[in-house]
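These notes concern the structure reproduced below.
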Amino acid sequence: MTTIRVLSAKTLDNASKKKIETAFSKKHNGEAEFSYEIDVSLIGGVLIIDGEDYYDATVKGQLNNFKRVKSKDVPKDADDVKSIEKQLTDKIKDYKPTYEKMSSGMVAYAGDGVVRISGLAGAKYGELLDIEGDVQAIVLNLEENEVGAIVLDDEDKVAANMLVKATGRIVEVPVGEELLGRVVNPLGVPVDGLGDIRAKKTRPIEHPAPKIIDRDKVNEPLQTGILAIDAMIPIGKGQRELIIGDRQTGKTSIAIDTIINQKGKNVYCVYVAIGQKASSISGIMHTLTEFGAMEYTTIVCSTARDSSPMQYIAPFSGCAMAEELMHEGKDVLIVYDDLSKHAVAYRAMSLLLKRPPGREAFPGDIFYLHSRLLERAAKLGKEYGGGSMTALPIVETLAGDISAYIPTNIISITDGQIYLENELFNAGVRPAVNVGLSVSRVGSSAQIKAMKKISGKLRLDLSQYRELAVFAQFGSELDSTTSALLEQGERTTESLKQDVNSPLSVEHQVIILYITMKELLRKIPTDKIREFNRGFVDYVEVNYKHIIDNIRETEELSLENCLDIEDAVKQYREFFFKSN
């Protein structure tokens, strides 16, 4: 015998009961019994629960649908409270007793941000669930008799025996240029105290990656403003370049400098903080504001205090925001800081959902988790708008171990990596880029011709210098050639050092690299090279501005420009020595 629950705001009359009993007795061939309950929160109408089927013909259900109306459908005078109240009143007045049939279930267990639900046979992976109209959850486990889901809202609101219904949708977040300059949580709700966001569109956080045929070649440089990276490990628009290294080696600084360097370049930025301290995120926001970068940047913030489910959806939410801009034909840079914390959050949820653990207790689909996220970064063909999304995922290693599970997974997904070494960082080489382990699979195709021309030997020279420097520590006598190589290597290393939050334009990078590679700094004391380079760039800006303009317009370094740079070095060197 099937028990059918009938909930209403007030006691039903006999005629209404008879209609319900006739319809459902026929459905169950007469083998049905009826339980009538009063729930005043329904306001009006009837809610019928028949096993896993959910028939919602209540005023509360209609109002819940009204609350979910998109911002573009809300009248312009929605700020007027009276206007909203009038709409709600009209909604109740015009209410017609229609019903909506949905798949439903009951909460069997709730705890630690995870719910197990009996029923919901028609639920799909990733589907959004509605728990009693107040709490949202995402389906992550599909089992024979149960569905496992993660709670997005306050988990304390969920208890056993609560009603759950499938929505047929997945989580959506607001997208568009309205989010620029704002700090939002992974659900797109502002957390910066600057008021509501009037976004015209929403977009699902999960979306298939662009097809291969939709993509274009990655050959347009995205300048980081960091000489060591733009010269040796160039990044192209649409590329996925991993930043990897131990904690406190400058990974986030590289990403923030890259965002700052996009000012005036028509590149929009999304910074996704996953499991970071709130104070760290606040510091990043203030840095970006100070340098005028928040104007074209959105920060998606999931702090260490947030639940694992919120940390889990954060990069997907940020990706949806960036993806919308990409499909509008714009260039976007997205930073995931960092995916190792994201993997830990996913592992915590998977273990609570009783998934079988694999290597390092991570679930078996951890590779798919990050590959489906990073594959969404692309350079689209002109027929598809020509937009691009460049991804800079960050991964933290332990004691420099890049052969650990998560680092190797993400290295195999991305188009190269920038490896920051602890020893170099402690030795004062910043950015602490290890040339031997860093690579860009796009290579020189993502460099302007001038940079490509003068940086060709840089990686080899630096590798040779660092190898020779190891042997030189033993104190044995060195021949003149080796001594010259070591001396030039020291000068090159000094030229590549760069302070945080001080990105260089590509024209300045070309000039500094030219005087370094042509050994025009030979007479400059090693400890004065950075000071000389800073002053020399300013000197060229004032007295040889045509060199800067010519490189910017043609992206090449002509013979005339080379001769002018050498003349400028001689002149400035005399001035430099006099002033010092």
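I'd like to verify a number: residues in the stretch 386-415 that are closer than 29 Å to residue 329 by Cβ and either hydroxyl-bearing (Ser, Thr, Tyr) or outside any loop (DSSP other than H, G, I, E, B) (or both), how many? Step through it out loud before you land on a result.
From the stretch 386-415, those closer than 29 Å to residue 329 by Cβ are 386-394, 410, 413-415; that's our starting set.
Next cut, either hydroxyl-bearing (Ser, Thr, Tyr) or outside any loop (DSSP other than H, G, I, E, B) (or both) only: 388-394, 410, 413-414.
Counting residues in the stretch 386-415 that are closer than 29 Å to residue 329 by Cβ and either hydroxyl-bearing (Ser, Thr, Tyr) or outside any loop (DSSP other than H, G, I, E, B) (or both) gives 10.
Counting just the residues of the stretch 1-30 that are out of contact with any helix residue (DSSP H, G or I) (no Cβ under 9 Å at 6 or more places or on another chain) and assigned to a loop (DSSP other than H, G, I, E, B), which one comes out modelled with the lowest pLDDT? I'd like the intermediate steps shown before the answer.
As a first pass, look at the stretch 1-30 and keep what is out of contact with any helix residue (DSSP H, G or I) (no Cβ under 9 Å at 6 or more places or on another chain): 1, 3, 5, 11, 13-30.
Subset that is assigned to a loop (DSSP other than H, G, I, E, B): 1, 11, 13, 28-30.
On the way: 1: 73, 11: 82, 13: 79, 28: 80, 29: 81, 30: 78.
Among them, the one singled out is 1.
Of these, 414, 397, which one is within 17 Å of the chain's Cα centre (by Cα), at pLDDT 95 or above and not aromatic (Phe, Trp, Tyr)?
On the way: 397 fails: within 17 Å of the chain's Cα centre (by Cα).
Exactly one residue qualifies, and that residue is 414.
Might you let me know whether the stretch 161-177 holds any residue that is within 20 Å of residue 317 (Cα to Cα) and without any contact (Cβ under 8 Å) to a residue 12 or more places away in the chain?
Taking every residue of the stretch 161-177 in turn, none turns out to be within 20 Å of residue 317 (Cα to Cα) and without any contact (Cβ under 8 Å) to a residue 12 or more places away in the chain.
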Next item on the list: Would you be able to tell me the number of residues in the stretch 119-155 that are in contact with a strand residue (DSSP E or B) (Cβ under 9 Å, 6 or more places away or on another chain), of a type in the set (D, E, K, R) and not in a strand (DSSP E or B)?
Entry: 7
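So, residue 419, is that one assigned by TED's automatic domain parsing to the domain that holds residue 339 and crowded, with 21+ Cβ neighbours inside 10 Å or not? Reasoning before the result, please.
Numbers: assigned by TED's automatic domain parsing to the domain that holds residue 339: yes; crowded, with 21+ Cβ neighbours inside 10 Å: yes.
Yes: the conditions hold for residue 419.
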Note to self: Among the residues of the stretch 211-261, what is the count of those that are of a type in the set (Val, Ile, Thr), more than 23 Å from residue 495 (Cβ to Cβ) and either out of contact with any helix residue (DSSP H, G or I) (no Cβ under 7 Å at 6 or more places or on another chain) or not in a strand (DSSP E or B) (or both)?
What the structure shows: 5
Margin query: Within the stretch 140-160, take every residue that is without any contact (Cβ under 8 Å) to a residue 24 or more places away in the chain and closer than 17 Å to residue 365 by Cβ and give me the one that is surrounded by the most Cβ atoms within 10 Å (Cβ to Cβ).
Written below: 142
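Look through 468, 460, 437 and report the one residue that is loosely packed, with under 14 Cβ neighbours inside 10 Å, on the phi < 0 side of the Ramachandran plot and not assigned by TED's automatic domain parsing to the domain that holds residue 560.
Working: 468 fails: loosely packed, with under 14 Cβ neighbours inside 10 Å; 437 fails: loosely packed, with under 14 Cβ neighbours inside 10 Å.
The match here is 460.
Would a scan of the stretch 82-95 turn up a residue that is closer than 26 Å to residue 5 by Cα and modelled with pLDDT under 80?
Kept after step one, since they are closer than 26 Å to residue 5 by Cα, are these residues of the stretch 82-95: 92, 95.
Now restrict to residues that are modelled with pLDDT under 80: 92, 95.
Taking every residue of the stretch 82-95 in turn, at least one turns out to be closer than 26 Å to residue 5 by Cα and modelled with pLDDT under 80.
The values are calculated or read from the model by the stated rules, or taken from the named source; none is laboratory data. From a predicted model like this one, the values you see are computed outputs, not experimental measurements. Don't worry about glycine lacking a Cβ; one is built from the backbone with ideal geometry, like all the others, and counts go over all protein chains shown.
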